[in-house]
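The block underneath contains the structure these notes are about, expressed in C-alpha cells.
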Amino acid sequence: KKYGADATRWYMISNSQPWDNLKFDVDGVDECRRKFFGTLYNTYSFFALYANIDGFTGKEQEIPVAARPEIDRWILSELNSMVRDVTAYLEDYDPTPAARRIDGFVGELLSNWYVRLNRKRFWGGTMTEDKLAAYQTLYTCLETVAMAAAPIAPFLTDRIFTDLNAVSGRHTESSVHLAESPTCNEALIDTELEAMMSLAQRTSSMVLALRRKVNIKVRQPLMKAMVPVLDEKMAAHIEAARALVMSEVNVKQIELIEQTA
C-alpha cells in the first residue's frame with residue numbers, strides 16, 4: 001500500500017515468487033568474508049602489531065620510492081595500477097570489476113606475496129631504513145585500499161582509515177567517506193617490474209604444484225628446476241627473479257630451457 005496499488009499488483013503478477021530469482025548465495029557471502037574481509041583485516045592486524053611494537057607513527061621522514069627495495073617498488077606499482085583501474089570502473093558505473101580488482105590486489109598481491117615475503121623485515125631489531133621503508137610501503141597500501149574500497153565495503157574500510165589516521169594525522173577528515181578518492185600516480189607504475197614479478201609468481205606456483213603432485217615437501221631442497229622460456233623477454237624476466245623463485249620453491253638452481261619444441 002505504501003507504494004500504491006498499481007505497483008503492488010504489477011509486482012504480484014510479474015513475479016509471484018520473487019525470492020526465486022534473487023542472486024544471493026550464502027556460501028558466496030561467507031567466502032567473501034573469509035577471502036577479502038578476513039585477509040584485509042589480518043593484513044592490517046599484522047601491520048598494527050609490529051607498528052605498535054616499533055613505535056611507527058607514519059610521521060617519519062618519507063624514504064623516496066626510488067631508494068626502496070625492488071619488492072616495495074613493485075607493490076606500489078601494482079597499487080597505483082589498481083587505483084587506475086578501479087577509478088575507471090567506478091567512473092563507468094561498473095562496481096563489480098572494481099570490487100574484483102581490489103580483492104585480487106589484497107588477496108594475491110598484498111597479503112599472499114608482499115607481506116608473506118617481507119615478514120622478516122618487520123621482526124626484531126632497530127628501526128633501520130629498510131624496516132622503515134617496509135612500514136611506509138605497507139601503510140600506504142592499507143590506507144589506499146581503504147580509500148579505494150570505501151564505496152563498496154564502507155564499514156571495515158572506515159575503521160582501518162580512522163585507526164591509521166588517528167596515529168599518523170595525515171588527513172583532516174574524520175571518516176574515509178569524507179576524504180577524497182585515491183588518485184593514481186603514473187610515475188610509480190613500472191610495467192616491466194609488474195611483468196617480472198607476475199612471472200615469478202606463476203613460476204613459483206607451478207613448481208609448488210608439481211611438488212604437491214609428487215608429494216615432495218617444500219622444506220626438502222631440490223637440485224634444479226627447469227623452466228621453458230618462449231622468448232628473450234621472458235628469459236630476462238625469469239633471470240631478474242631467479243633468486244626470489246629459488247628461495248620460494250627451495251631449489252638450488254634454475255635452468256632455462258629455450259628449445260621448447
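Any read-out appearing in this document is the output of simple, stated calculations on the displayed coordinates, not a laboratory observation. Because the structure is predicted, anything quoted here is derived from the model rather than measured. Positions of Cβ are backbone-derived with ideal geometry, glycine not excepted, and every protein chain shown enters the neighbour counts.
Quote the relative contact order of the stretch 71-193 in percent (integer), defining contacts as alpha-carbon pairs under 8 Å separated by 6+ residues. Walk me through the numbers on the way to the answer.
Details: 108 pairs, mean separation 43.3, N = 123.
Contact order relative to length: 35 percent.
Set Lys and Arg Cβ to +1 and Asp and Glu Cβ to -1, take the dipole of the stretch 35-123 about its Cα centre, and tell me which of A98, S45, G58 lies farthest positive.
S45
Mean shadow of the stretch 20-137, computed from the convex hull of its alpha carbons, in nm²? If you can, show how the numbers build up before the last one.
On the way: hull surface 36.3 nm².
Average projection, Cα convex hull of the stretch 20-137: 9.1 nm².
Using only Cα atoms and rounding to the nearest 10 degrees, what angle (0 to 90) does helix 5-14 make with the longest principal axis of the chain?
Around 50 degrees separate the two axes.
Relative contact order for the chain: what is it in percent, counting Cα pairs under 8 Å that are at least 6 residues apart? List each step's numbers first, then the result.
Numbers: 231 pairs, mean separation 46.0, N = 261.
Taking the mean separation of contacting Cα pairs over the length of the chain, I get 18 percent.
Rounded to the nearest 10 degrees, what's the angle between the helix 154-168 long axis and the longest principal axis of the chain, both from Cα atoms, 0 to 90?
60 degrees
Can you give the local net charge around E258? Use residues other than it whose beta-carbon is closer than 11 angstrom to its beta-carbon, Lys and Arg +1, Asp and Glu -1.
Values: positive: none; negative: D231, E232, E255.
The answer is -3.
For the stretch 46-91, run through the GluC sites (Glu not before Pro) and keep only the ones in DSSP coil with at most 15 other Cβ atoms within 10 Å of their Cβ. Present the calculation step by step, with values, prior to reporting the outcome.
Details: sites: E60, E62, E70, E78, E91; in loops: E60, E62.
Within the stretch 46-91, the qualifying GluC sites (Glu not before Pro) (loop, at most 15 other Cβ atoms within 10 Å) are E60, E62.
Taking the alpha-carbon distance from K224 and a cut-off under 19 Å, which aspartates and glutamates remain once sequence neighbours fewer than 8 residues away in the same chain are dropped?
Cross-link targets: E239, E248, E255, E258.
Just to be sure I follow: if Rg is taken over the C-alpha atoms of the stretch 147-261 and Rh is the Kirkwood radius over the same atoms, what is Rg/Rh?
Working: Rg = 21.1 Å, Rh = 17.7 Å.
Reported Rg/Rh (Cα atoms, Kirkwood Rh): 1.20.
Take the alpha-carbon positions of the stretch 86-223, form their convex hull, and give its projected area averaged over all directions (one quarter of the hull surface) in nm². Kindly include the intermediate steps, with their values, before the conclusion.
Numbers: hull surface 47.2 nm².
Result: a mean projected hull area of 11.8 nm².
For the chain, compute the orientation-averaged projected area of the C-alpha convex hull (one quarter of its surface), in nm². Walk me through the numbers on the way to the answer.
On the way: hull surface 82.9 nm².
About 20.7 nm², averaged over all directions.
Hey, could you get me the Stokes-Einstein D for the stretch 27-71, Kirkwood radius over alpha-carbon pairs, 20 °C and 1.002 mPa s, rounded to whole µm² s⁻¹?
Values: Rh = 13.1 Å.
It diffuses with D of about 163 µm²/s by this estimate.
Cα centroid distance between the stretch 184-261 and the stretch 60-137, in Å?
21 Å
With no solvent and one equal point scatterer per Cα, compute the Debye intensity ratio I(q)/I(0) for the stretch 202-261 at 0.14, 0.22 Å⁻¹ and report its log10, rounded to two decimals.
Per q value, in the given order, log10 I(q)/I(0) is -0.37, -0.87.
So, with +1 on the Cβ of K and R and -1 on the Cβ of D and E, and no other charges, what is the size of the charge dipole of the chain about its Cα centre, to the nearest 20 debye?
On the way: 30 positive and 35 negative charges, 250 e Å.
Magnitude of the dipole: close to 1200 debye.
What do you get for GluC sites (Glu not before Pro) in the stretch 161-261 restricted to DSSP loop and a cutoff of at most 15 other Cβ within 10 Å of the site's Cβ?
Working: sites: E173, E180, E186, E192, E194, E232, E239, E248, E255, E258; in loops: E173, E180, E258.
Those satisfying the criteria are E173, E180, E258.
Less than 30 Å apart at the alpha-carbon level, and either on another chain or at least 8 residues along: which lysines does that give for K35?
Excluding near neighbours in sequence, the set is K23, K120, K131, K213, K217.
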